[in-house]
Amino acid sequence: MDRLVFLTVDGLSRGAVYATMALALVLIWRGARIVNFAQGAMAVAAAYVAHSVTAATGSFWLGFAAAIAAGPALGWLVERLVMRHVGHDRPLNAVIVALGLVLLITAVLGIVYGNEFRPAPAAFDRTALQLGGVPLLSPYDVFVFGTVAVTVGALALLFTRSRVGLRLRASAFAPEVSRLLGVNVSGMLLLGWVLAAGVGALAGMLIIPTEFGLHPNAMDRSFVVAFTAAVVGGLDSPAGAVIGGLAVGLVLSFVGGYLGDQVTPLAIIVLLLAVLLIRTDGLFATPAARRI
């Protein structure tokens, strides 16, 4: 019983971390109708900015703030200099360009910072508090849960209670009609990239301390897990991304705890294929249109 409780709590805490990157993927999908496979590499770039600022100032929180600022700035550059000039008549075009961006960003980071692993401190202590001898949540886990809850709430308000959120979705779904209605479609697409990159930078700052450390490829595995979480929950649902992240975290924890860590990659692939075959839009997909 103690093992079951431990694996459940551990899975939820791991899932909450992956949910942040899944939120970034959902955000760029809702804002630009693109699956940004470069999201993980962009998050790592923001984390390296945090590393540089922390090394220069000695303040972790200044580095954290610098990463959150660097994310939107990088999103602005990517959209303005690259993605804006990609033809969207074929969805594969954006995917290929995003994969190219992954290679470019990781190569530049390797040239500038090197390919060795660097320590990535966490915002709070990661030592789990124990209850009856069973490890439960750590202060860092509580921080992650709170951060995810605030982020989901803010995104829900943006997309359901604001005109900007409606214009973001309209620009992604029907750009030509939106232009005829006076919506600045290019500005909305840029805003989508900026917001998604900001959430992605936050995700990188939460995920990387739980992995092996800071490295140009530090987010490769985590991105695959987060992408699975986003697909499970539905690429159009922020709440679904969080639930998908928690579900994937539980799957990883239970499979790793009972069958061994070497089986977890196979479990993720099986889960992803099952969702794609049974419910393509995800378990919590929302309608593409609604009455207003």
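Structural remarks
- Taken as a whole, the condition of being more than 25 Å from Arg169 (Cα to Cα) and in contact with a His (Cβ under 9 Å, 6 or more places away or on another chain) does not apply to Ile269.
- Verdict on Arg163 being in contact (Cβ under 8 Å) with a residue 60 or more places away in the chain and open to solvent by 80 Å² or more (accessible area, probe 1.4 Å): no
- Candidates Leu99, Leu137, filtered to the one that is under 24 Å from the mean Cα position of the chain (by Cα), in contact (Cβ under 8 Å) with a residue 60 or more places away in the chain and farther than 30 Å from Arg84 by Cβ: Leu137
- For region 131-144, the count of residues that are under 24 Å from Leu235 (Cβ atoms) and either in contact with a helix residue (DSSP H, G or I) (Cβ under 9 Å, 6 or more places away or on another chain) or in a helix (DSSP H, G or I) (or both) is nonzero.
- Ile243 falls short on exactly one of the conditions (1) modelled with pLDDT of 85 or more; (2) open to solvent by less than 10 Å² (accessible area, probe 1.4 Å); (3) farther than 13 Å from Ala43 by Cβ, and that condition is (2).
- Look at (1) in contact with a helix residue (DSSP H, G or I) (Cβ under 8 Å, 6 or more places away or on another chain); (2) in contact (Cβ under 8 Å) with a residue 40 or more places away in the chain and you find that Gly110 fails only one, number (1).
- 3 or more residues closer than 18 Å to Phe212 by Cβ: qualifying helices (runs of 4 or more DSSP H) within region 29-122: 39-57, 91-113
- Gly40 open to solvent by less than 40 Å² (accessible area, probe 1.4 Å) and at pLDDT 90 or above: yes
The values are calculated or read from the model by the stated rules, or taken from the named source; none is laboratory data. Here the structure is a predicted model, which means the values were calculated and not measured. Cβ sites come from the backbone with ideal geometry, for glycine too, and all protein chains shown count toward neighbours. These area figures cover heavy atoms from the full protein model, side chains too; ligands, DNA and RNA do not enter into them. Shrake-Rupley method; radii C 1.70, N 1.55, O 1.52, S 1.80 Å.
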